[in-house]
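Undergrad: Supplied in structure tokens, the structure appears directly below.
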Amino acid sequence: MANQSFEELLKELETIVKELENKDIPLDEAVKKYQKGLELSKAAYQMLESAEKLVVKEIKPE
């Protein structure tokens, strides 16, 4: 996950969401996928925060 781009994280997250929408998925597998999705969304959010800080720094140089 650490070497993935933002786009790769989103693509994997979308795949997990589609899999979770499947009504036939066993509960234990659904919980594991949900936890993985949370990890992916947290990593993507952190990437967005870092990018925002760079943009703000460029707009408002210290």
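Undergrad: Ordered by residue, what ³J(HN,Hα) values in Hz, to whole numbers, does region 26-39 give under the Karplus form 6.51 cos²θ - 1.76 cosθ + 1.60, where θ = phi - 60° and Gly and Pro are x?
TA: In residue order, the calculated couplings are x, 4, 4, 5, 4, 5, 4, 5, 4, 4, 5, x, 4, 4 Hz.
Undergrad: Taking region 6-59, how many lysine pairs are there with alpha carbons less than 19 Å apart, if each pair must be eight or more places apart or span two chains?
TA: Count of close lysine pairs: 14.
Undergrad: Positive end of the charge dipole of the chain (Lys, Arg +1 and Asp, Glu -1 on Cβ, about the Cα centre): tell me which of 3, 56, 41 has its Cα farthest that way.
TA: Toward the positive end, the furthest listed residue is 56.
Undergrad: Determine the dipole magnitude for the chain: charges of +1 sit on the beta-carbon of Lys and Arg, -1 on that of Asp and Glu, nothing else is charged, the reference point is the Cα centre, and the result goes in debye to the nearest 20. Working shown, then result.
TA: Values: 10 positive and 14 negative charges, 29 e Å.
Result for the chain is approximately 140 debye, rounded to the nearest 20.
Undergrad: Å³ per residue of the Cα convex hull, for the chain?
TA: With only Cα atoms used, the chain gives 81 Å³ per residue.
Undergrad: Provide the per-residue ³J(HN,Hα) series for region 48-53, in order, calculated from phi with Karplus coefficients 6.51, -1.76, 1.60 and θ = phi - 60°, each as a whole number of Hz, with x at glycine and proline positions.
TA: Rounded to whole hertz, the list is 5, 4, 4, 5, 4, 4.
Undergrad: Between residue 15 and residue 31, what is the spin-label point distance in nm, taking each point 7 Å from the Cα along the Cα→C-beta axis?
TA: It is 2.4 nm.
Read the figures in this text as sums done on the coordinates, not as results from a lab. Given the structure is predicted, the values throughout are model-derived calculations rather than measurements. Note that we place each Cβ from the backbone using ideal geometry, even for glycine, and neighbour counts take in every protein chain shown.
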